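Shown next, in structure tokens, is the structure this report addresses.
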Amino acid sequence: MTTSQKIPLWYWIVSTLALLWNLSGAVIYIMQAYNPEMMMADMTEVERELMANTPAWVTAAFATAVFSGSAACVGLLLRRKWAGPLFWLSWAGAAAQFSYNFLIIDLMTVSGPGTIIMPIVVLAIGLGLIALARMAKSREWAR
């Protein structure tokens with residue numbers, strides 16, 4: 001890498017923040033998987049019932065989203081090309097999870113229209129990270 005190809009500081013900052021973002025999702029997954037009572041403490045009865053009856057494929061999609069996203073962020077920080085495909089896998093996992101929440105159980109009816117905000121943010125950030133990984137590859141920051 002020549003000095004003209006030096007990776008800008010913003011890349012490292014964004015990659016680090018993205019890792020923290022994805023790790024926070026992983027912590028939420030772990031709490032939901034291993035301490036569901038704590039997660040359900042502030043939920044309505046209907047929300048608790050929905051969470052208790054979540055199909056295994058939705059839980060797997062959630063795990064796929066957060067763990068592949070975290071690994072992809074590590075890939076960004078290590079400047080690896082494989083970060084891009086992992087970000088796509090993460091995005092697909094999140095999209096599958098949210099499709100269940102909004103198309104199958106209609107979570108907005110249960111919890112209100114505000115519940116759509118976080119999924120939109122998650123999917124938008126995911127697309128941004130896909131674009132960042134693509135940029136890193138095209139500018140030869142990733143190897």
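Structural remarks
- Taking all protein chains as shown and a probe of 1.4 angstrom, I117 keeps an accessible surface of around 110 Å².
- At the residue level, L89 shows approximately 90 square angstrom of accessible surface with a 1.4 angstrom probe and all protein chains present.
- Once C-alpha pairs closer than 8 Å and six or more residues apart are averaged by separation and normalised to the residue number of segment 1-81, the relative contact order reads 50 percent.
- At a probe radius of 1.4 angstrom, the accessible area of the chain per residue rounds to 58 square angstrom.
- Acute angle (nearest 10 degrees) that the helix 9-34 long axis makes with the longest principal axis of the chain, alpha-carbon atoms: 30 degrees
- Computed on segment 85-143, the Cα convex hull volume stands at 59 Å³ per residue.
- Considering only the Cα atoms of segment 4-79, their convex hull presents on average a projected area of 6.1 nm².
- Segment 84-139: trypsin sites (Lys or Arg not before Pro) falling in loop per DSSP and having at most 15 other Cβ within 10 Å: R139
- Percent accessible area from carbon and sulfur atoms, segment 24-143, protein chains only, probe 1.4 Å: 68 percent
- GNM flexibility winner over the chain from A133, A60, A92 (Cα, springs under 10 Å): A60
- Helix-only CD estimate at 222 nm, as mean residue ellipticity for the chain, using -39500 (n - 2.57) per DSSP H run (n ≥ 4): -24000 deg cm²/dmol
- A Förster radius of 22 Å, combined with the Cβ-Cβ distance separating V121 from L77, puts the computed FRET efficiency at roughly 0.50.
- Compactness of the chain as Cα Rg over 2.2 N^0.38 Å, two decimals: 1.18
- Both radii were evaluated on the Cα set of segment 46-110; the Rg over Rh quotient, with Rh as the Kirkwood radius, amounts to 1.12.
The values are calculated or read from the model by the stated rules, or taken from the named source; none is laboratory data. Treat the numbers as computed from the prediction; the structure is a model and nothing was measured. Methodologically, a virtual Cβ is constructed for each residue, glycine included, from the backbone with ideal geometry; neighbour enumeration extends over all protein chains shown. The accessibility values were calculated without ligands, DNA or RNA, using every heavy atom of the protein model including side chains. Shrake-Rupley method; radii C 1.70, N 1.55, O 1.52, S 1.80 Å.
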